[in-house]
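The values are calculated or read from the model by the stated rules, or taken from the named source; none is laboratory data. All of these numbers come straight from a predicted model, not from anything done at the bench. Note that we place each Cβ from the backbone using ideal geometry, even for glycine, and neighbour counts take in every protein chain shown.
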Amino acid sequence: MKSNRNLSRGEGRRLGNVALIAFMLGSLLLLSFIRARFSPIGKTREAIKAEEQQAMRKESLKMETLDTADEASASAGEEEEETQPKPTDSSGSSGGAVGSDGGVSSTALNPGDAATYHHLRLSKPVCYESSRRSDTCEAAGNVRVQGRVQTIHISPLEQAWKVKPYCRKHDAFALSHVKEWALRPHHGDAPHCTINSSATAFVLSTGGFTGNLFHDYTDVLIPAFITAHRYAGEVQFLVSSFKSWWTNKYLQIFQQLSKYEVVDIDNDEEVRCYPSVVVGPTFHKELGVDASKTPSGSSMEDFRSLLRDAFGLERATATPSGDRWDIRRRPRLLIISRRNSRRFMNERAMVDMAMSLGFDVRVGDPDISTDVSKFARLVNSADVMVGVHGAGLTNMVFLPVGAVLIQVVPYGGLEWLARGTFKEPSADMQVHYLEYIIQMDETTLSEQYPKDDPVLKDPYSIHKQGWNALKTVYLDKQNVKPHLGRLKNTFMEALKLLPHGQSN
Ligand SMILES: *[C@@H]1O[C@H](CO)[C@@H](O)[C@H](O)[C@H]1NC(C)=O
């Protein structure tokens with residue numbers, strides 16, 4: 001519509017393209033994972049896997065499967081099983097499945113039995129559970145990486161270990177797409193070095209759920225930062241299940257962390273030798289860094305600062321331009337648009353309403369764009385970002401300090417999902433958080449179902465049917481039409497949180 005939208009449209013579209021494709025893959029995986037995790041019917045897992053693999057082959061899926069941060073829900077579920085309304089009856093069987101998936105760690109780490117493991121832990125083990133989500137191995141000495149066979153020959157090393165270098169421990173589905181790496185002792189009998197390096201080798205995987213924006217950050221990029229930042233560039237990323245489009249998408253981030261080229265390690269014919277190695281990034285929390293646990297005290301603030309350097313983002317804080325005639329004196333509101341599900345039905349009216357409040361309004365359409373830098377700059381230019389719950393909100397990592405995130409929570413008792421994914425991480429990003437919860441008269445579900453249908457009357461009864469039911473009804477089939485009057489209150493609340501106008 002208005003001229004001020006055109007620019008952002010273009011920027012948004014580009015993001016959308018790439019991101020969507022990525023999302024589709026990620027979402028499919030996620031979805032399957034969630035199904036696998038929450039579905040009481042274990043046998044669907046195989047079917048899902050097959051589906052997913054097919055999807056990966058195609059890469060050109062429908063956006064309907066593009067379900068943003070649903071997997072985030074899964075992680076939220078993982079962290080908050082006790083407090084949140086269960087998305088399923090979480091029967092003994094699914095609990096059992098999770099439990100046995102949990103065995104991933106004990107099989108991934110290969111210390112024999114629990115006693116050995118315990119002993120090794122006490123004596124600074126090479127591989128250890130670095131968090132509930134991750135196993136990490138660290139070794140120094142004579143390290144020879146033979147990427148083609150996912151083997152690292154290490155001397156000295158007391159025993160062999162195995163590990164999957166991806167932060168979804170206990171998630172058998174994600175890990176089924178992650179290659180296992182072996183750490184083996186050698187006594188001069190390992191293959192000869194063809195390349196010597198003085199850096200630390202860092203093995204990580206971009207298998208799993210990567211391709212979904214939320215997972216890209218929470219499973220890989222932030223954990224990689226947690227692990228690698230301490231080396232001040234003297235670290236080489238050896239990426240297993242390497243996908244060039246994915247690595248290229250985030251290359252600027254890797255370049256901030258490392259002075260060395262990123263290696264497609266599974267297809268590497270070299271024997272790369274290093275003085276030390278880390279296998280598997282370390283997870284702290286959803287979209288976050290626990291500064292008390294990083295060796296150098298690195299924090300989420302440092303990660304966000306790194307992102308600004310990587311993508312050339314100008315605004316560290318959401319302060320207005322100093323020039324009083326600069327258009328940037330007006331606070332900018334960015335609407336994250338979705339196309340298929342959880343769409344804003346009255347987006348244009350929302351734009352007009354926001355403009356009437358004095359906002360400079362942009363609409364970002366994260367469905368076609370490939371250019372992370374451009375979308376990151378658009379987000380960074382915003383003071384308020386509003387969007388319906390979904391992976392697109394992961395873009396909050398680019399918001400300046402003091403900006404406001406408004407998460408629109410679809411109808412259906414999904415507050416727990418909103419909390420674990422985007423609400424909780426906002427604090428460490430120093431981003432204000434507001435929520436707009438869709439009511440019955442604002443959802444298209446009220447046109448699809450009779451008033452007394454359990455979908456409208458008793459959402460938790462749908463939650464009890466399992467993740468699939470919940471997702472299908474409340475995430476896939478729902479569009480929203482916020483009341484402009486009520487939404488206006490939320491926008492005004494956001495305005496009050498901004499420094500704009502307070503100085504003048
Ligand atoms: C790597 O270093 C070792 C030990 O210093 C040396 O014997 C070997 O020739 C070096 N290999 C290469 C390819 O530089």
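The residue of region 208-228 that is nearest to the ligand (Cβ to nearest atom), among those that are among the aromatic types (F, W, Y) and in contact with a Ser or Thr (Cβ under 8 Å, 6 or more places away or on another chain), is F225. Annotation note: of E493, E424, E435, the sole residue that is assigned to a strand (DSSP E or B) and in contact (Cβ under 8 Å) with a residue 24 or more places away in the chain is E435. Could you check, for region 229-238, whether at least one of its residues is closer than 21 Å to F398 by Cβ and away from the ligand (no atom under 16 Å from the Cβ)? Yes, the conditions are met somewhere in region 229-238.
Could you go through region 276-294 and let me know if any residue there is modelled with pLDDT under 95 and assigned to a loop (DSSP other than H, G, I, E, B). Yes, that holds for at least one residue. Among the residues of region 243-266, those that are over 20 Å from the mean Cα position of the chain (by Cα) and of a type in the set (A, V, I, L, M, F, W, C) comprise V262, V263, I265.
In region 164-179, the qualifying residues are those that are at pLDDT 95 or above and over 17 Å from the mean Cα position of the chain (by Cα), and the one that is nearest to the ligand (Cβ to nearest atom) is K179.
All conditions but one from (1) at pLDDT below 95; (2) surrounded by 21 or more Cβ atoms within 10 Å (Cβ to Cβ) apply to S373; the one that does not is (2).
Filtered by the rule that a residue be closer than 21 Å to A403 by Cβ and part of a loop (DSSP other than H, G, I, E, B), region 295-304 gives a lone residue, S299. Among the residues of region 305-316, is any small (G, A, S), over 21 Å from H229 (Cα atoms) and not assigned by TED's automatic domain parsing to the domain that holds T206? Scanning region 305-316 turns up no residue that is small (G, A, S), over 21 Å from H229 (Cα atoms) and not assigned by TED's automatic domain parsing to the domain that holds T206.
I'm checking my understanding of the structure. Among residues of region 252-275 that are in a strand (DSSP E or B) and of a type in the set (A, V, I, L, M), which one is nearest to the ligand (Cβ to nearest atom)? Lay out the reasoning, then the answer.
Restricting attention to region 252-275, the residues satisfying the condition of being in a strand (DSSP E or B) are 258, 263-264, 271-275.
Restricting the remaining residues to those that are of a type in the set (A, V, I, L, M) gives 263, 271.
Details: V263: 16, V271: 9 Å.
Checked region 252-275; the qualifying residue nearest to the ligand (Cβ to nearest atom) is V271.
If a residue has to be assigned to a strand (DSSP E or B) and more than 16 Å from the ligand (Cβ to nearest atom) to count, how many in region 198-207 make the cut? Break it down stepwise before answering.
Just the residues of region 198-207 that are assigned to a strand (DSSP E or B), to begin with: 200-205.
Subsequent filtering for residues that are more than 16 Å from the ligand (Cβ to nearest atom) retains 200, 202-205.
The number of residues fulfilling the criteria is 5.
Selection of region 381-403 for residues being polar (S, T, N, Q) and in contact with a helix residue (DSSP H, G or I) (Cβ under 6 Å, 6 or more places away or on another chain) yields T394, N395.
Could you grab me the full set of residues in region 180-197 that are in contact (Cβ under 8 Å) with a residue 24 or more places away in the chain, within 19 Å of E269 (Cα to Cα) and either assigned to a loop (DSSP other than H, G, I, E, B) or away from the ligand (no atom under 16 Å from the Cβ) (or both)? Walk me through it before giving the result.
Keep residues of region 180-197 that are in contact (Cβ under 8 Å) with a residue 24 or more places away in the chain, which gives 180-188, 190-197.
Restricting the remaining residues to those that are within 19 Å of E269 (Cα to Cα) gives 180-184, 190-197.
Correct list: E180, W181, A182, L183, R184, A190, P191, H192, C193, T194, S197.
Looking at region 139-170, which of its residues are assigned to a strand (DSSP E or B) and aliphatic (A, V, I, L, M)? Reasoning before the result, please.
Our first condition is that a residue be assigned to a strand (DSSP E or B); within region 139-170, this holds for 139-146, 151-155, 161-163.
Hits for region 139-170 are A139, A140, V143, V145, I152, I154, V163.
Does V149 satisfy the condition of being assigned by TED's automatic domain parsing to the domain that holds S240, of a type in the set (A, V, I, L, M, F, W, C), within 16 Å of the ligand (Cβ to nearest atom) and within 31 Å of the chain's Cα centre (by Cα)? No; evaluated as a whole, the condition is false for this residue. Taking E424, is it in the same structural domain as S337 (by TED's automatic domain parsing), in contact with a strand residue (DSSP E or B) (Cβ under 9 Å, 6 or more places away or on another chain) and surrounded by fewer than 19 Cβ atoms within 10 Å (Cβ to Cβ)? So E424 fits the description; yes.
The residue that is nearest to P454 (Cα to Cα), counting only those in region 398-431 that are more than 18 Å from the chain's Cα centre (by Cα) and of a type in the set (G, A, S), is G412. Can K259 be described as in the same structural domain as F214 (by TED's automatic domain parsing) and buried (at least 16 other Cβ atoms within 10 Å of the Cβ)? Spelling it out, it is not the case that K259 is in the same structural domain as F214 (by TED's automatic domain parsing) and buried (at least 16 other Cβ atoms within 10 Å of the Cβ). Determine if region 123-132 includes at least one residue that is charged (D, E, K, R) and buried (at least 22 other Cβ atoms within 10 Å of the Cβ). No: region 123-132 contains no residue that is charged (D, E, K, R) and buried (at least 22 other Cβ atoms within 10 Å of the Cβ).
Taking the conditions (1) outside any loop (DSSP other than H, G, I, E, B); (2) within 16 Å of the ligand (Cβ to nearest atom) in turn, L307 satisfies each one other than (2). Test D302 against the criterion of being among the acidic types (D, E), touching a Ser or Thr at 6+ places or on another chain (Cβ under 9 Å), in contact (Cβ under 8 Å) with a residue 40 or more places away in the chain and not assigned by TED's automatic domain parsing to the domain that holds M385, and give yes or no. Answer is yes for this residue.
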